[in-house]
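> Take this structure first; my questions come after.
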Amino acid sequence: MSLTDKLALSAEATAAGESTGNALDIYEKVKRQQEAVADALPAGMDPGRFVRMVLTEMKRTPKLATCSPVSVLGAMMLSAQTGLEPGGPLGQAFLIPRWNSREKCNEAQFQIGYKGYVQLAARSGVTIVARTVRTDDEFEWAYGTDEYIRHRPVLDSQAIACAWYAIGFIPGRHAPFVVIDRNVADKARKAAASPDRGPWSTNYDEMALKTSILRLKNFLPLSTDVATAMAVDGAVVLDEQATVEQVAAEMDVETPEDQPELEEGES
């Protein structure tokens, strides 16, 4: 870690009211994981670049430095195993600091963005297209024996978003689709751990698109590996050596009452 990086991280942590020492400690632990990241990443992905992206996320979100180190490493390794880049311009996955009210500490949560779901589906040969519908668009659709969507958007429209849809294009087969309106999106927001903070408050449109894709994925012919990767969305991992399969299995059997309350908050 260069002196410039240390000074930048220290300044950002201090500005956010966080511990400089803890930030630097987690930063160094992340850097030492490059070999493990290389073993976890799919072929063709650069482990050095991946680790740098995680470190950039730490500098961009200083509160990650207040999370338990094992949860940061666990979220990073889930991101590596699923082959989804954390943060960055692609927006495939994110490491989100969450307050665990049971343990009284911040933990890093692994979240898949809607673009991450698109990327994962592509590995099963499914092309997902997700779009936003605004009130001044021409939009017609119908479910049933003659399902269809017709959407003619208004270019550069500033109208209110009123619906979102996702279509799964499958070679040689019917393309299933799902349409949701703002009522459905708002219900998904209210069910989130932090409805008034975090991604729903800063990126409502992207989260609504993700909601439409989550409803669509039940109708897609996904491979076991892809379905397992999607199942770890929202996981908090307290073992950096845990596999995606183990985490997915634990999430599958965990009841709502078993799950600790996770929300954005101060430690």
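The values are calculated or read from the model by the stated rules, or taken from the named source; none is laboratory data. Source: prediction; values computed, not measured. Virtual Cβ from ideal backbone geometry, glycine too; neighbours counted across all protein chains shown. Ligands, DNA and RNA are stripped out before the accessible areas are found, and what is left, the full protein with its side chains, is counted by its heavy atoms. Shrake-Rupley method; radii C 1.70, N 1.55, O 1.52, S 1.80 Å.
> With Leu220, Leu209 as the choices, which residue is among the hydrophobic types (A, V, I, L, M, F, W, C) and touching a Pro at 6+ places or on another chain (Cβ under 8 Å)? Reasoning before the result, please.
Numbers: Leu209 fails: touching a Pro at 6+ places or on another chain (Cβ under 8 Å).
Answer to the check: Leu220.
> So is Leu209 part of a helix (DSSP H, G or I), of a type in the set (A, V, I, L, M, F, W, C) and open to solvent by less than 20 Å² (accessible area, probe 1.4 Å) or not?
Working: part of a helix (DSSP H, G or I): yes; of a type in the set (A, V, I, L, M, F, W, C): yes; open to solvent by less than 20 Å² (accessible area, probe 1.4 Å): yes.
Yes.
> Collect the residues in the range 9-26 that are modelled with pLDDT of 70 or more and surrounded by fewer than 17 Cβ atoms within 10 Å (Cβ to Cβ), keeping them in residue-number order.
Residues of the range 9-26 that are modelled with pLDDT of 70 or more, as a first pass: 25-26.
Within the range 9-26, Asp25 is the sole residue that qualifies.
> Which residue, of Pro89, Pro42, is open to solvent by 10 Å² or more (accessible area, probe 1.4 Å), touching a residue at least 24 places away in the same chain (Cβ under 8 Å) and not in a helix (DSSP H, G or I)?
Working: Pro89 fails: touching a residue at least 24 places away in the same chain (Cβ under 8 Å).
Pro42 is the lone residue from the list that is open to solvent by 10 Å² or more (accessible area, probe 1.4 Å), touching a residue at least 24 places away in the same chain (Cβ under 8 Å) and not in a helix (DSSP H, G or I).
> Something else: Just to be sure I understand, how many residues within the range 145-157 are at pLDDT 95 or above and exposed (fewer than 12 other Cβ atoms within 10 Å of the Cβ)?
The number of residues fulfilling the criteria is 3.
> Further, regarding this structure: Could you list, ordered by first residue, the pairs with Cβ atoms under 8 Å in which the first is in the range 224-250 and free of Cβ contacts under 8 Å to residues at least 40 places away in the same chain and the second is part of a helix (DSSP H, G or I) and open to solvent by 70 Å² or more (accessible area, probe 1.4 Å), at least 6 apart or interchain?
Thr228/Glu245; Ala231/Asp252
> Scan Lys29, Lys63, Lys6, Lys59 and give me the residue that is modelled with pLDDT under 85, open to solvent by 70 Å² or more (accessible area, probe 1.4 Å) and in a helix (DSSP H, G or I).
On the way: Lys29 fails: open to solvent by 70 Å² or more (accessible area, probe 1.4 Å); Lys63 fails: open to solvent by 70 Å² or more (accessible area, probe 1.4 Å); Lys59 fails: open to solvent by 70 Å² or more (accessible area, probe 1.4 Å).
Selected residue: Lys6, the only one of Lys29, Lys63, Lys6, Lys59 that is modelled with pLDDT under 85, open to solvent by 70 Å² or more (accessible area, probe 1.4 Å) and in a helix (DSSP H, G or I).
> Additional query: What number of residues in the range 38-64 are small (Gly, Ala, Ser) and touching a Pro at 6+ places or on another chain (Cβ under 9 Å)?
Matching residues across the range 38-64 total 2.
> Considering only residues that are aliphatic (A, V, I, L, M) and in contact with a strand residue (DSSP E or B) (Cβ under 6 Å, 6 or more places away or on another chain), which ones fall in the range 33-72? Explain how you work it out, then say what you get.
To start, the set of residues in the range 33-72 that are aliphatic (A, V, I, L, M) comprises 36-38, 40-41, 43, 45, 51, 53-55, 58, 64-65, 70, 72.
Of everything in the range 33-72, those that are aliphatic (A, V, I, L, M) and in contact with a strand residue (DSSP E or B) (Cβ under 6 Å, 6 or more places away or on another chain) turn out to be Met53, Val54, Leu64, Val72.
> Here are the criteria: (1) of a type in the set (A, V, I, L, M); (2) open to solvent by 50 Å² or more (accessible area, probe 1.4 Å); (3) in contact (Cβ under 8 Å) with a residue 60 or more places away in the chain. Tell me which single one Leu120 does not satisfy.
Here Leu120 clears every test but (2).
> Which of the numbered conditions does Ile160 fail, given that it passes all the others? Conditions: (1) modelled with pLDDT of 95 or more; (2) open to solvent by less than 80 Å² (accessible area, probe 1.4 Å).
Single failed check for Ile160: (2).
> Here is a further query. Quick check: anything in the range 49-57 under 30 Å from Phe219 (Cβ atoms) and touching a residue at least 12 places away in the same chain (Cβ under 8 Å)? Give the derivation first.
Keep residues of the range 49-57 that are under 30 Å from Phe219 (Cβ atoms), which gives none.
Among the residues of the range 49-57, not one is under 30 Å from Phe219 (Cβ atoms) and touching a residue at least 12 places away in the same chain (Cβ under 8 Å), which makes the answer no.
> If a residue has to be open to solvent by 20 Å² or more (accessible area, probe 1.4 Å) and either of a type in the set (A, V, I, L, M, F, W, C) or within 16 Å of Ile96 (Cα to Cα) (or both) to count, how many in the range 45-56 make the cut? Steps first, please.
Kept after step one, since they are open to solvent by 20 Å² or more (accessible area, probe 1.4 Å), are these residues of the range 45-56: 45-47, 49, 52-53, 56.
Going one step further and asking which of them are either of a type in the set (A, V, I, L, M, F, W, C) or within 16 Å of Ile96 (Cα to Cα) (or both), we end up with 45, 53, 56.
Qualifying residue count, the range 45-56: 3.
> Right, next: Quick one: which residue in Ala93, Ala75 is closer than 25 Å to Gly168 by Cα, of a type in the set (Gly, Ala, Ser) and touching a strand residue (DSSP E or B) at 6+ places or on another chain (Cβ under 9 Å)? Spell out how you get there, then give the answer.
On the way: Ala75 fails: closer than 25 Å to Gly168 by Cα.
Every option except Ala93 fails the conditions.
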